[in-house]
1. Roughly speaking, to the nearest percent, how much of the chain's 1.4 Å accessible area is carbon and sulfur?
2. Just to confirm a number: summing +1 for Lys and Arg and -1 for Asp and Glu over residues other than Gly8 whose beta-carbon lies under 15 angstrom from that of Gly8, what do you get?
3. Using the Cα centre of the chain as the reference point, and only Cβ charges (+1 on K/R, -1 on D/E), how large is the resulting charge dipole? Debye, rounded to the nearest 20.
4. Please compute the net charge surrounding Asn68, taking Lys and Arg as +1 and Asp and Glu as -1 over other residues with Cβ under 13 Å from its Cβ.
5. Bin by bin, in steps of 5 Å, what percent of the Cα pairs in the chain do you find, going until the bin that has the longest distance?
6. Averaged per residue, what accessible area in Å² does the range 6-93 show with a 1.4 Å probe, protein chains only?
7. Taking every pair of alpha-carbon atoms in the range 14-60, what share in percent sits in each 10 Å bin, from 0 to the bin with the longest distance?
8. From Cα pairs below 8 angstrom and at least 6 apart in sequence, can you work out the relative contact order of the chain, rounded to a whole percent?
Amino acid sequence: MGKVTFCGIPVEKYTVCHGDSEVQVHGAEVLRSYLEKINGEALRGGEGIIRLRVEEGCLGADGYRIRNHPGEMEIVGSNGRGLLYGVYGLLEK
């Protein structure tokens, strides 16, 4: 399997940023762990950011949105469950 990229940037050059809530920390740990397994390399950052956040009330019950721009990806959940659905949704692609 080849290396994973987002907008042409190798995934290992991304940093995962998240808030302090338990679900955001867990989502970041899951995302890092699986991206490293899929890619075969540890994330070391430097060129891109993957942001995880919860935006209460947006996107309906347990909804999520993934936005990908050059150098920045954002996974937003309408609640904690929606955020985790977003993380797993990205990993399934």
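1. 49 percent
2. -1
3. Magnitude of the dipole: close to 260 debye.
4. +2
5. Going out from 0 Å in 5 Å bins, the chain shows 3, 15, 26, 26, 18, 8, 3, 0 percent.
6. Heavy-atom SASA per residue in the range 6-93 reads 53 Å².
7. Bins of 10 Å from zero give 25, 48, 22, 5 percent of pairs.
8. Relative CO of the chain lands at 28 percent.
The values are calculated or read from the model by the stated rules, or taken from the named source; none is laboratory data. Here the structure is a predicted model, which is why all the values come from computation and not from measurement. Glycine gets a Cβ as well: all are built from the backbone with ideal geometry, and neighbour counts include every protein chain shown. All accessible areas refer to the heavy atoms of the entire protein, side chains included, with ligands and DNA or RNA removed. Shrake-Rupley method; radii C 1.70, N 1.55, O 1.52, S 1.80 Å.
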